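Working notes, beginning with the structure itself.
The values are calculated or read from the model by the stated rules, or taken from the named source; none is laboratory data. Here the structure is a predicted model, which is why all the values come from computation and not from measurement. All Cβ positions, glycine included, derive from the backbone under ideal geometry; neighbour counts span all protein chains shown.
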Amino acid sequence: MERTPMDSKAPLDVIAASLRRHRARAGLSLSEVAKRAGVAKSTLSQLESGTGNPSVETLWALAVALDTPFAALLDPPRPKVQVIRAGEGPVIYSDQAEYAATLVASSPPNARRDIYRIAASPGPGRKSEPHMPGVVEHVVLSSGRALVGPADAPIELSPGDYIAYPGDLPHIFQALDEGTSAVLVSEHV
């Protein structure tokens with residue numbers, strides 16, 4: 001999987017503004033958010049200033065610390081009609097695996113779901129720590145094969161297969177074939 005530099009795909013200015021906005025909404029200091037997320041204060045400071053190269057793990061930890069959906073950190077306001085072509089959208093890469101998540105639709109007001117395109121290559125897989133309480137993840141495998149679901153009992157999926165599992169427990173997405181792709185819906189219940 002070829003990685004594109006973060007600044008050409010992910011909206012660092014949107015991430016920066018979102019982090020500042022959600023931290024202010026929560027009434028938390030930079031130090032407190034960094035402590036809760038388990039990231040260095042300097043890392044959070046860099047991200048809030050629009051620099052740095054955040055991984056999906058760092059952004060997830062910050063979203064959990066701020067009690068906000070992951071996608072709320074990535075998605076700028078959009079028009080009513082939205083088209084995101086294949087290969088477009090903010091891409092966040094994993095530090096743990098050949099795994100890229102592209103946000104295609106974040107949760108609008110009064111809805112509680114985010115939609116991602118996933119592209120992954122064989123390897124150790126993307127292991128996710130628990131998200132906010134009540135999160136359910138839905139995955140439809142588009143191509144390839146993958147082990148998906150609870151970290152202690154993932155299910156092998158083939159193209160067209162669907163799985164739903166608690167996102168507030170440790171879980172994994174591990175590609176078994178090159179060119180594995182999926183659609184993931186993160187539902188905040």
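Overview of values
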| quantity | calculated |
| --- | --- |
| Segment 61-99 - residue that is at pLDDT below 85 and small (Gly, Ala, Ser) and, of those, nearest to the chain's Cα centre (by Cα) | ALA71 |
| Those residues of segment 23-49 which are in a loop (DSSP other than H, G, I, E, B) and either surrounded by fewer than 16 Cβ atoms within 10 Å (Cβ to Cβ) or hydroxyl-bearing (Ser, Thr, Tyr) (or both), in sequence order | GLY27, SER29, GLY38, ALA40, SER49 |
| Spans of strands (runs of 3 or more DSSP E) in segment 90-189 with at least 3 residues free of Cβ contacts under 8 Å to residues at least 40 places away in the same chain | 99-105, 146-150, 155-157, 162-166 |
